[in-house]
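In what follows, a single structure is set out as structure tokens and then discussed.
Where a number appears in this text, it was derived from the coordinates with a stated rule and is not lab data. Since this is a predicted model, take the numbers as computed values, not measurements. Cβ placement follows ideal geometry from the backbone for every residue including glycine, while neighbour counts extend to all protein chains displayed.
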Amino acid sequence: MGPPIQAVPSTTGVELARAWCEALQPQGVGGLVVKVGSSMYRGGSRRWRKVRHAETVDARVVGHTGPASRPRAVAV
């Protein structure tokens with residue numbers, strides 16, 4: 001069985017979205033998803049944008065030390 005479906009808040013107000021983003025950061029929310037209101041999700045598409053609190057980089061892990069289930073270090 002997959003994860004439960006969760007209702008999430010949405011707004012068209014930029015200031016409210018900024019307030020939510022800041023208020024929810026201590027609870028572990030990493031950012032916001034920004035999209036055109038009528039836009040439907042399409043896997044692999046770049047039409048939706050994630051606005052994060054921190055800069056992140058996607059990288060391929062090519063090696064690790066320690067067990068794969070709990071590595072101590074990774075090589076990217």
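Sites listed here are GluC sites (Glu not before Pro) in the chain whose DSSP assignment is loop and whose Cβ has at most 16 other Cβ atoms within 10 Å: GLU55. Of the residues SER69, SER45, the one with the fewest other Cβ atoms within 10 Å heads the list, and the complete ranking is SER69, SER45. Can you tell me the orientation of helix 14-24 relative to the chain, as the angle in degrees between its alpha-carbon axis and the longest Cα principal axis, to the nearest 10? Approximately 40 degrees, to the nearest ten. The trypsin sites (Lys or Arg not before Pro) of the stretch 1-57 that meet both conditions, a loop assignment by DSSP and at most 10 other Cβ atoms within 10 Å of the site Cβ, are ARG42, ARG46, ARG47. Distant-in-sequence amide contacts of HIS64, defined by a placed amide H-H separation under 5 Å and a gap of 5 or more residues or a different chain, comprise ALA75.
Considering helices alone, the calculated mean residue ellipticity of the chain at 222 nm is -4500 deg cm²/dmol, with DSSP H runs of length four and up weighted by -39500 (n - 2.57) and normalised per residue. Under the criterion of Cα pairs below 8 Å and six or more residues apart, the relative contact order for the chain equals 18 percent. Restricting the calculation to Cα atoms, the chain shows an Rg/Rh of 1.07 when the hydrodynamic-style radius is the Kirkwood one.
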